[in-house]
Amino acid sequence: MHRSLATKFFLFTAALLFWVVLTLLLFVLKEHVEWHKWAAIGALVILVAAFVSRFTISLLARPLTLLERGIQSVAEGRLEPIQVSRTGDEIESLGEGFNKMIAKLILTQNEVRRQQDGLSGMVRQRTGELEREMEKTRAASQARGELVAGLSHQLRTAMNGLLGMIELARQSPLTAEQHDHLESACKSARELQSTLDSLLDLSEIEAGKIALSHSVFDTRALLEETLEAHRTAAAAKGIALTLDVAPDVPARMRADTRRLRQILNRLLANAVKFTGKGWVKLRVGREPAREGFVLVAEVIDTGIGIAAARQPGLFDASASEAGLGLPLSKRLVELHGGELTVQSQISVGTTFRCTIPSPSIPEEVHFTGQLLAAAGAVEAPPILVVEDNLVNQKVVTGMLRNRGYQVEIANHGREALEKLETQTYGLILMDIQMPVLDGFEATRLIRLDPRFENIPIVAMTALAMHGDRDRCLAAGMDGYVSKPLNTSTLLRVVEQRLVHSNHS
């Protein structure tokens with residue numbers, strides 16, 4: 001246990017006095033001094049010791065105690081001047097110096113608080129400004145989104161009419177010159193459609209609003225169907241178009257079929273476009289993965305090739321000379337968790353390689369997306385096309401009737417409900433934005449009637465922004481096709497829904 005300085009000083013003084021008293025006592029005993037004399041001497045020594053102790057406490061212990069209390073107070077965060085004993089020595093000087101230090105700390109603390117208050121005010125001001133700017137940005141973003149959605153709908157509606165009428169015209173008797181003109185018009189329209197789709201998809205990816213819709217599908221069927229779409233263009237240039245699928249590629253995989261087709265279609269279209277002679281091959285294999293497998297699709301051509309200096313900018317939307325298709329394809333591959341790369345040599349050819357991860361699919365899992373064949377004229381109830389645009393009515397009815405389907409038209413949702421009361425339909429193709437009653441509300445009303453709960457309803461709309469497909473499904477629709485319509489895509493969806501409806 002620690003002793004105070006005063007205690008130590010007292011003990012030292014007492015020991016010193018005790019030694020003096022002991023010496024005197026021995027002297028008294030030796031000289032035979034009477035006992036009452038040395039008793040008086042002992043009492044005197046005790047009084048002197050008490051006086052020394054008292055004097056020590058007043059001159060040394062008290063100032064040190066006050067100094068200790070002040071230091072402890074500061075250590076606990078209380079910046080208050082300590083009480084200083086006026087001893088006129090080093091202890092008083094130490095106390096005064098300590099008080100000066102406390103005064104400076106108080107000034108510093110006040111200055112810090114003042115600056116903190118100022119900073120807090122600035123932070124609140126800047127925060128308010130940022131919140132106002134963010135609100136303006138959100139409003140601008142919302143307005144831009146609404147503008148893009150509106151423009152998208154208008155452009156897709158017009159493109160649907162344009163492409164549909166061109167396609168119907170191509171199926172009619174034509175002279176060679178007329179056929180050539182229509183082919184050129186169709187090619188330009190398709191390029192415009194591709195640019196529009198890529199621009200909208202890129203804007204959604206950059207805004208973080210695009211989401212993949214995974215499903216299980218027949219791998220080879222999807223690959224063959226995708227390749228088939230480019231067969232005509234390749235044959236027109238005298239290019240061999242082949243599919244090479246490795247034996248170990250799983251029969252089924254899981255991915256976003258729409259986006260996977262979009263990726264492969266872009267790569268195949270570019271390969272056919274820039275190959276003047278030779279061949280284009282879609283080679284597909286697999287690689288092992290920790291969970292499932294990785295589908296490896298390579299589009300190989302013997303075309304003109306790409307210079308090494310241009311290759312790094314192919315996937316940059318701001319720098320790509322090839323348009324937006326390749327940057328979009330790379331983004332879509334990366335959304336799947338894969339990678340898109342290129343290898344090319346001038347006058348030798350180009351290979352685009354993309355990887356798409358997929359989990360393993362059990363054999364008993366049913367899949368969608370396989371090609372369905374319709375045998376000649378389809379014996380089924382008529383299809384109801386609910387569409388307010390006259391050009392689009394002609395396009396859709398022409399595509400379906402050429403396939404052998406019976407078709408009836410409703411100009412809006414209310415007319416569709418009236419027709420359902422008098423006629424049985426095998427399928428409803430429902431536009432969304434219509435006067436009188438739109439497609440969403442018409443579908444909800446149809447689904448409320450138990451008589452019509454099994455009629456498949458497919459959304460057929462120019463709305464193609466993020467969430468539009470989910471809104472259609474949430475309203476009670478069974479499928480979704482976006483405009484501009486492609487004959488093969490429309491017929492595939494129609495046949496799938498009719499077959500599914502007949503089986504159920």
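The numbers here are math on the coordinates, done by the rules we state, and not lab data. The shown structure was predicted, so the numbers you read here are calculated from the model rather than taken from an experiment. Here Cβ is always computed from backbone atoms with ideal geometry, including for glycine, and neighbour counts include all displayed protein chains.
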Order of 480-493, 230-243 by packing, highest average Cβ count within 10 Å first?
480-493, 230-243
Label-point separation, LEU473 to VAL245 (7 Å along Cα→Cβ), nm:
2.4 nm
Contact order normalised by length for the stretch 383-503, with contacts defined as Cα pairs under 8 Å and 6 or more residues apart; what percent is it?
22 percent
So which of LYS136/LYS187; LYS277/LYS483; LYS419/LYS483 end up more than 32 Å apart, counting from Cα to Cα?
LYS136/LYS187; LYS277/LYS483
Quick one: if the Förster radius is 51 Å, what FRET efficiency do VAL112 and LYS136 give, using the C-beta to C-beta distance and rounding to 0.05?
0.90
